[in-house]
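*Asks:* Sharing a structure here in structure tokens format.
The values are calculated or read from the model by the stated rules, or taken from the named source; none is laboratory data. Bear in mind that the values here come from a model prediction, so they are computed numbers and not experimental data. Counting neighbours? That spans all protein chains shown, and the Cβs are built from the backbone with ideal geometry, glycine included. What goes into the accessible areas is simple: the full protein's heavy atoms, side chains included, and nothing from ligands, DNA or RNA. Shrake-Rupley method; radii C 1.70, N 1.55, O 1.52, S 1.80 Å.
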Amino acid sequence: MVQAGIALGTCALSAVIVVAVVLFICNRRLHVKIQEARRELLERESTYENLFDSTSIFILLIDPSSSRIIHANKAAVDYYEYEADQLLNMRLQDLHPGLDDTGRFYIDQINSSGKNLFRVQHRKATGAIRDLEVSGGFTGSIDNNLLYLLLHDETDKVETEKQIETEKERAHNALKVKEEFLANISHELRTPLNGLVGMLNILETIDMNEEDKGFLSMAQESAQNLYEIIRDLIDFNDIQAGKLGLADEIFNIKEAVELTLSFFNDQIENKGLEVSSDMDIKLEGYRGDRTRFIQVLANLISNAVKYTDEGSVEISVRDGENLKVMVSDQGIGIAPDALDEIFTSFHQLENPYTKRFQGVGLGLSITKEIVSLMGGSIEVESVMGKGSVFTIILPDKFCEAEQCLKKTGTTETEEQVQKKTTVLIVEDEAINRLYLSTILKEKGYNVVEAVNGYQAIERCIESAPDMVLMDISLPKLSGLDAAMEIHAIDRYRDLPIVALTAHAHKDEIDSFISKGLKTVITKPVQEVELLRVINSITNGTI
Ligand code: ADP
């Protein structure tokens, strides 16, 4: 019994020892594992600590509830130039001037922009205010949620951006001043040019010998060239400012093409060129801006004549799905690689030092803009030494309306109408008054003159004119105000008043029309245009 007890005791002891040994071994292993994990943790911590301290990005850990700085890496301490423990006692508000007490700004920015960057200004220990770019987020769980901010200094970049912005603004202002100057000077040049062109045209009616006629013709050509340069500069400015607009009228395409061709009669004759025009259109009426259509066509014909020394120039006009106008010449041609460049402003293919042809290189760029405003397109094909073909495609805007088909030009009955028609010319410049009245008197119109807005009203009452040509810039009472006062008189409510102005922007023209003026003639007044407008008023087509 005793022996059995001893054996049992020995057994139990052995079991305890075995269990103890097993436990010891397990414990030991566990201990080793824990040690390893701890070492690993420490290593990882040290790696992160190194990373934290070696990066050049400034890192701040913030307690969001108090905005207090809990931790700052070495780069941040160095950057802000505070002692490390001093920085750790500070709040975001101490770095960020003007930040409200809650410090919500950072949390809101991070929430709204995710991890995207936003900019702040911080004050360093030295008092220097710097621009910083910030991104950030939250470190972990909601209850242990620290706000981390990653910052880097952007002061130089912000400074450069500010400088670029200032330079851009300065350049923009300089460009505006230049544009305004160009616009003003072009308008100012128009008035004396108006007088010059007018007087030269009047000289044409005087008897003179062949030599004097030659001098006059040269003077007229120079004045015309100057007029075109000024017009191009004004158009260029308007295009740049998005102010170039188009009139909406119905005009006779055939008449417009023939008139445009007639501008070049002398040049064509002098150069001995052959010119042909081929118009295959069912309807002559077209809805669009007649003056701009003529300008576009005149630019192309002018180039065709200018760049062709011998051979022919052909104009073809076709309708169909659209209005197709082609101007072909047998001139010098254009190199394939220059075909796109010629539509760029101020671009000329000639070497400026050996330049043979006149021009400022604006014609085609303006033409292209106008054609595109008209909803069309322009193309060119050319072979060097053989010639060029410019093709304009405009939308089908032909119309059958009665008035479209009326032909302009002087007929027997119109001559009679002219004799019965009294035109009041209101113009303060004597030379311009003389020019206008000479043209009109020669055609048989009765002419009455006034030199300012008040006199215009008086003359209206005295002589009951059939229409008024009203200069807009007048002393004392402007042409526009005078026109409105005339229209306020009951019996002159519908009197046609035509504005004469050098200020021919689309918005200005629209405003004249909206104030009751019939139409606008741009200065310098061209005789053909003047007579066409007066004719259209007398026969009721405008
Ligand atoms: P410019 O007033 O100088 O004629 P444009 O804008 O009308 O200006 O034309 C630009 C350039 O394109 C011209 O300087 C000329 O070199 C070239 N060009 C235009 N039309 C023709 C043409 N029909 N034949 C040859 N070259 C042309």
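*Asks:* Return yes when G479 is farther than 30 Å from L261 by Cβ and small (G, A, S) and no when it is not.
*Replies:* So G479 fits the description; yes.
*Asks:* Looking only at the stretch 142-156, which residues are open to solvent by 100 Å² or more (accessible area, probe 1.4 Å) and assigned to a helix (DSSP H, G or I)?
*Replies:* D156
*Asks:* Can you pull out the residues in the stretch 331-347 that are more than 9 Å from the ligand (Cβ to nearest atom) and farther than 15 Å from T391 by Cα?
*Replies:* A335, P336, D337
*Asks:* Taking the conditions exactly as written (in contact (Cβ under 8 Å) with a residue 24 or more places away in the chain, open to solvent by less than 50 Å² (accessible area, probe 1.4 Å) and of a type in the set (A, V, I, L, M)), does V520 satisfy them or not?
*Replies:* Here the answer is no, as V520 does not meet what is asked.
*Asks:* Restricting the search to the stretch 438-452, which residues are modelled with pLDDT of 90 or more and either surrounded by fewer than 18 Cβ atoms within 10 Å (Cβ to Cβ) or touching a strand residue (DSSP E or B) at 6+ places or on another chain (Cβ under 6 Å) (or both)?
*Replies:* L440, Y445, N446, V447, V448, E449, A450, listed by residue number.
*Asks:* For the stretch 237-258, which positions are farther than 22 Å from E529 by Cα and part of a helix (DSSP H, G or I)? Reasoning before the result, please.
*Replies:* Initial filter on the stretch 237-258 (farther than 22 Å from E529 by Cα): 237, 239-243.
Those that are farther than 22 Å from E529 by Cα and part of a helix (DSSP H, G or I): N237, I239, Q240.
*Asks:* Might you check whether a residue that is of a type in the set (D, E, K, R) and open to solvent by 40 Å² or more (accessible area, probe 1.4 Å) occurs anywhere in the stretch 467-475?
*Replies:* Within the stretch 467-475, not a single residue is of a type in the set (D, E, K, R) and open to solvent by 40 Å² or more (accessible area, probe 1.4 Å).
*Asks:* Taking the stated definitions as given, is E379 more than 9 Å from the ligand (Cβ to nearest atom), open to solvent by 80 Å² or more (accessible area, probe 1.4 Å), modelled with pLDDT of 95 or more and among the charged types (D, E, K, R)? First the steps, then the outcome.
*Replies:* Values: more than 9 Å from the ligand (Cβ to nearest atom): yes; open to solvent by 80 Å² or more (accessible area, probe 1.4 Å): yes; modelled with pLDDT of 95 or more: yes; among the charged types (D, E, K, R): yes.
Yes, satisfied.
Residues checked against (1) part of a loop (DSSP other than H, G, I, E, B); (2) open to solvent by 80 Å² or more (accessible area, probe 1.4 Å); (3) at pLDDT 90 or above; (4) not small (G, A, S):
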| site | (1), (2), (3), (4) |
| --- | --- |
| K368 | no, yes, yes, yes |
| V371 | no, no, yes, yes |
| F390 | no, no, yes, yes |
| E400 | yes, yes, no, yes |
| C404 | no, no, no, yes |
| T413 | no, yes, no, yes |
| Q416 | no, yes, no, yes |
| K419 | no, yes, no, yes |
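*Asks:* Would you confirm whether or not the stretch 323-332 contains a residue that is modelled with pLDDT of 90 or more, in contact with a Phe, Trp or Tyr (Cβ under 6 Å, 6 or more places away or on another chain) and within 23 Å of V257 (Cβ to Cβ)?
*Replies:* Checked the stretch 323-332: at least one residue is modelled with pLDDT of 90 or more, in contact with a Phe, Trp or Tyr (Cβ under 6 Å, 6 or more places away or on another chain) and within 23 Å of V257 (Cβ to Cβ).
*Asks:* Check the stretch 453-462 and report whether any residue there is of a type in the set (V, I, T), in contact with a strand residue (DSSP E or B) (Cβ under 8 Å, 6 or more places away or on another chain) and crowded, with 20+ Cβ neighbours inside 10 Å. So that I can check it myself, show each step before the final result.
*Replies:* Of all residues in the stretch 453-462, those of a type in the set (V, I, T) come to 457, 461.
Imposing the further condition that a residue be in contact with a strand residue (DSSP E or B) (Cβ under 8 Å, 6 or more places away or on another chain) reduces the set to none.
No, because not a single residue in the stretch 453-462 is of a type in the set (V, I, T), in contact with a strand residue (DSSP E or B) (Cβ under 8 Å, 6 or more places away or on another chain) and crowded, with 20+ Cβ neighbours inside 10 Å.
*Asks:* Looking only at the stretch 241-275, how many residues end up being within 16 Å of the ligand (Cβ to nearest atom) and either open to solvent by 50 Å² or more (accessible area, probe 1.4 Å) or without any contact (Cβ under 8 Å) to a residue 24 or more places away in the chain (or both)?
*Replies:* So the answer is 5.
*Asks:* A further question follows. Just one of L226, L216 is open to solvent by less than 40 Å² (accessible area, probe 1.4 Å) and either small (G, A, S) or assigned to a helix (DSSP H, G or I) (or both); which is it?
*Replies:* The unique qualifying residue is L216.
*Asks:* On to the next question. Restricting to the stretch 526-542, name every residue that is at pLDDT 85 or above and either part of a loop (DSSP other than H, G, I, E, B) or in contact with a Pro (Cβ under 6 Å, 6 or more places away or on another chain) (or both).
*Replies:* Selection gives I537 alone.
*Asks:* Select, from E180, E165, E188, the only residue that is part of a helix (DSSP H, G or I), out of contact with any Asp or Glu (no Cβ under 6 Å at 6 or more places or on another chain), at pLDDT 95 or above and open to solvent by 30 Å² or more (accessible area, probe 1.4 Å).
*Replies:* E165
*Asks:* Restricting the stretch 303-317 to residues that are modelled with pLDDT under 95 and open to solvent by 70 Å² or more (accessible area, probe 1.4 Å), which is nearest to the ligand (Cβ to nearest atom)?
*Replies:* Looking at residues that are modelled with pLDDT under 95 and open to solvent by 70 Å² or more (accessible area, probe 1.4 Å), I get D309.
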